[in-house]
Structure formats: structure tokens, C-alpha cells
Amino acid sequence: MTGERKGLLARRRSGRDSDRGTPLRGHGGLVVAAVLALTVVVGVVAFLIGRGVSTPAQQAARARPPSASVLTAPVVLTHARTTVVLRGTLTDGGAITVGVPGDLSGDLAVVTAVATSAGASVNDGSLIAGVAGRPVFVLRGRIPAYSAMSYGTSGVEVNELQAALEAAGLGIGSDTAGTYGAGTATAVAYLYERYGYAPVTAPGPVSGSRTKHKTKPVQYATVPLGEVMFTPSLPVTVVSVAHLGQTIASGKPLATLGSGQFTFQTNTDVNTASLLKIGATGRATSDLSNGSFAIRLIAKRPGSAPDGGPGAKLTFTPKNSAAAATFVGQNMALHVSTGQAGGLQWVVPVSAVVTDASGASSVTVLHGSRQQSVPVHAGLAFAGHEVVRPTDGGLKAGDQVVIGLGGSG
């Protein structure tokens, strides 16, 4: 074979080999592309499923509300200090009225002098006021003066008069106790003159022989009815007194003296009363003048609440009677602090206290997954919390009380 023929055969063989290789490379590229496309599609589907494509069952499960969880707060044993506001009228259990002199000889009972004022303290021999020019004194004595006293008078009121004069620093000399003699008359005269009044006098016994030359009887100071006022205890505080120039109507007092037995009586509900212990302190405030004075709780007894339900009757007394005397008869606001005499008290959030239709209150204590209802007396709410008193125990420090329900997610 010639060289030309060999070259032609070689070129033909090479061409056939080249034609066979071309289809193989084309089919392999299509397969790879298909695999890649399928991978992308699967990835996209998986992504879409992960992003929210879900079955109806999954969608329903997601639409259901989250499971409720119990919200709790700790029970705290602490000194719960807050203020209870009550109302009461200040009364005087033994107030003494001072009248006008009994014999004014037809003159009007016009106040001609005022020697004291409301809130002032008076003692043995103090002048209260003058009426139609006649004085009215206050002296210590349990039995009211029931008659005029003069030389020769005897009895229990004379005994009281003598003791009161001596307490005022006016001696009765050698007079017998209970008998109005010269020494008692002299002491009475000094009492009147001390305040610028002339005593009413009356003659004593006639001295000398029974002849035409009789000795003129000596004039002795007397105590006309109503010019001396006996009061069981002194000193006392003046509650009220008439003003200068006032005409005292028949039966009306010239002045009122306090016995010092000032009290407030007020009713409240059982829960509030449970917060107030004997000895609790506070202040009584006047709505009229804004004046105030310190008070103390001295008694607590069963009673009715203002709404007619079970309650307690509380008795308060002023710490200083003199400071309270001018407020007798006024209805006042009583601001009383709790806690200082009651020791530690249980405190829970207000939302933890549940009251049923009968008015009974309770809190629910959570013990793990178990809930226990604990009956309590609910007290006053303050700063989002409430003081409670378990009726039969059931609370201890650190307990968790249920305050509501919450959701998760």
C-alpha cells in the first residue's frame, strides 16, 4: 500500500473515532444538569416546608391557645404599717355644767366677767365668770352645793367647802370640821377679795349681856347658793364658757367643765378591727379647724359594723385631756396606725384574696402541683397588698399564693 493510501485510511479511522466521541459527551451533560435541577427543586420544597407549609393537623395545633400556667407570689410575714381612717364624736362621760348664781335679786343673768377660756385648766378656788356682778367659783367636792352657807351652818357641804378652801391655800383657823365658823368665814372673804369681789355678809351671833346696850353683831362672809360650784375632781379642763355680755337663758349653763373622761366610740368591721390592737395610736382631726390631738385605743368589744354586719366597737381616748377639751361634741376623723402594737402580720397581693358570695375570704396556696384554699380574714389593702389573718393557720413564710393564670409563648 502506498503511503498516500495509508494516510487516507488513517484519516478516515480518526474521523470515525471522532464521530463516536461527540454523542457521548452530549448525553453526559444532560444527566448532570437534570441531577442538579432535581436537587434544587428538592431544596426549595424543603425550604418552603420549613418556612410554614404544614398539614391541616399542624395548622390546627398551632391555632390552639397555649397551655395556661399558674402565676404566684410569695406570702410575706412583716410589720404591715398602714393607717385606718375612722370617724367618731368626742364625748365627755362626766361633763359638769356650771350654772349662774341662784339669787340675782331680779337682775338679768348677764355675763359681766369671764375669767377662763375653753381648754384652760381650773383648780380649787378658780373663778369661772361673773354674772350680774356676782362671781362663780369652782371648788373640789363630790356633793353639789344645795344651799347657802353662812356662820353657824353645818353639814357635809360645809365640810367640802372647808377642805377646798384649805386646798386653795386659805386656812379656816380653829373651826370644827363641818361647822361654818369665824375661820371659815374669813377664808371665804379672802377668796372673794382675791378676785376683786365683795362677799355677801350676814350677822353672826349677838355678843354681850342682854341689856339695852347690846353689842352690834359681827358680819361674816357667806356663800350664796350658786356662787360656788363643787366638782368631784380637780384640776379639770374648761370645755366651754359663755362670752362677755351674753345673757344666760334659764336652765342654760354658764360653762361646761370636762371631767377628763373624754372618749370616742366608733364601730367598724371585723377585718379592720383585727388590724387594731389595744394600745394602737393615732390622731383625731377636726374637720372644722384642722386642729388635732393624739389618741390611743383602750377597748375593743364585739359590735356591729356600719353596714349592719359583724363588727367591733372601738373606744379611743385622748392622750392629753387638756388638748382635747375644746373638741367635745365634734365628729372627727380618727387616723389610727396599724402594726405598731400588732407584731408581724401576713401580707399578700390584693389579687390573691378571693371573696365568695357569702363574704368569706380565702387565698390559694400552691404546693407543687397541688392547690390548697386557706380561709382568711382580709384586712385593709395598701400599696397593692392586703393584710390577711388565717382563720385556722395554714400559712407560713415563703408560701406561694395564686394571683392568676398566664399563658406560655
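Values quoted throughout were computed directly from the atomic coordinates according to the rules given, and no laboratory measurement underlies them. Computed from a predicted structure; not experimentally measured. Positions of Cβ are generated from backbone atoms using ideal geometry, with glycine treated the same way; all protein chains shown enter the neighbour counts.
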Legend entry - Qualifying aspartates and glutamates (Cα of each under 20 Å from Cα of Lys277; at least 8 residues distant if same chain): Asp269, Glu386, Asp392
Inset, instruction - Search the structure for amide H atoms under 5 Å from the amide H of Val98, placed 1.01 Å from N in the peptide plane, and list their residues when 5 or more places away or on another chain. - result: Leu254, Ala255, Thr256, Leu257
Legend entry - Spherically averaged projected area in nm², based on the convex hull that wraps the Cα atoms of segment 183-298: 14.1 nm²
Inset, instruction - Could you calculate the contour length gain from Thr91 to Leu30, that is, 0.36 nm times the residue separation minus the distance between their Cα atoms, to one decimal place in nm? - result: 10.7 nm
Inset, instruction - Determine ³J(HN,Hα), in whole Hz, for all residues of segment 232-237 in sequence, where each value follows from phi through the Karplus function 6.51 cos²θ - 1.76 cosθ + 1.60 and θ = phi - 60°; x replaces Gly and Pro. - result: x, 9, 9, x, 10, 9
Inset, instruction - Give a residue-ordered list of calculated ³J(HN,Hα) values for segment 97-102 (Karplus: 6.51 cos²θ - 1.76 cosθ + 1.60, θ = phi - 60°; whole Hz; x for Gly, Pro). - result: 9, 9, x, 8, x, x
Inset, instruction - Would you pull out the residues with amide H under 5 Å of Met332's amide H, same chain only if 5 or more places away, H placed 1.01 Å from N? - result: Gly88, Thr89, Leu90
Legend entry - Extended-chain gain in nm, criterion 0.36 nm per residue less alpha-carbon gap, Ala118 and Ala294: 61.5 nm
Legend entry - Residue exposure sequence - Lys319, Lys300 - by fewest surrounding Cβ within 10 Å: Lys319, Lys300
Inset, instruction - Treat every Asp and Glu Cβ in segment 287-409 as -1 and every Lys and Arg Cβ as +1, leave all other atoms uncharged, and give the resulting dipole magnitude about the Cα centre to the nearest 20 debye. - result: 400 debye
Legend entry - For Arg389, Arg134, Arg87, order by how many other beta-carbon atoms lie within 10 Å, fewest first: Arg87, Arg389, Arg134
Inset, instruction - In whole Hz, with x marking every Gly and Pro, tabulate ³J(HN,Hα) for segment 399-405 from phi via Karplus 6.51 cos²θ - 1.76 cosθ + 1.60, θ = phi - 60°. - result: 4, 9, 9, 6, 10, x, 10
Inset, instruction - Taking amide H positions as placed in the peptide plane 1.01 Å from N, state which residues far from Val70 in sequence (5 or more) or on other chains have amide H under 5 Å from it. - result: Gly406
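Can you give the local net charge around Ser274? Use residues other than it whose beta-carbon is closer than 11 angstrom to its beta-carbon, Lys and Arg +1, Asp and Glu -1. Working shown, then result.
Values: positive: Lys277, Lys300, Arg389; negative: Asp269.
Overall, the nearby charge balance is +2.
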Legend entry - Highest average packing first - 248-255, 330-337, Cβ atoms within 10 Å: 330-337, 248-255
Legend entry - Chain lengthening between Ala357 and Thr78 when straightened (0.36 nm per residue, less Cα-Cα): 97.5 nm
Legend entry - Eligible aspartates and glutamates near Lys319 by straight Cα distance, threshold 16 Å, same-chain separation 8 or greater: Asp92
Inset, instruction - Could you list Ser240, Ser147 in order of exposure, starting from the residue whose Cβ has the fewest other Cβ atoms within 10 Å? - result: Ser147, Ser240
Inset, instruction - Could you tell me the convex hull volume per residue, in Å³, taken over the Cα atoms of segment 257-409? - result: 153 Å³
Legend entry - Distance (nanometres) between label positions extended 7 Å along Cα→Cβ at Thr281 and Ala167: 3.0 nm
Inset, instruction - From the C-alpha gyration tensor of segment 117-180, pull out the three semi-axes of the equivalent ellipsoid (sqrt of 5λ each), sorted largest to smallest, in whole Å. - result: 22, 14, 11
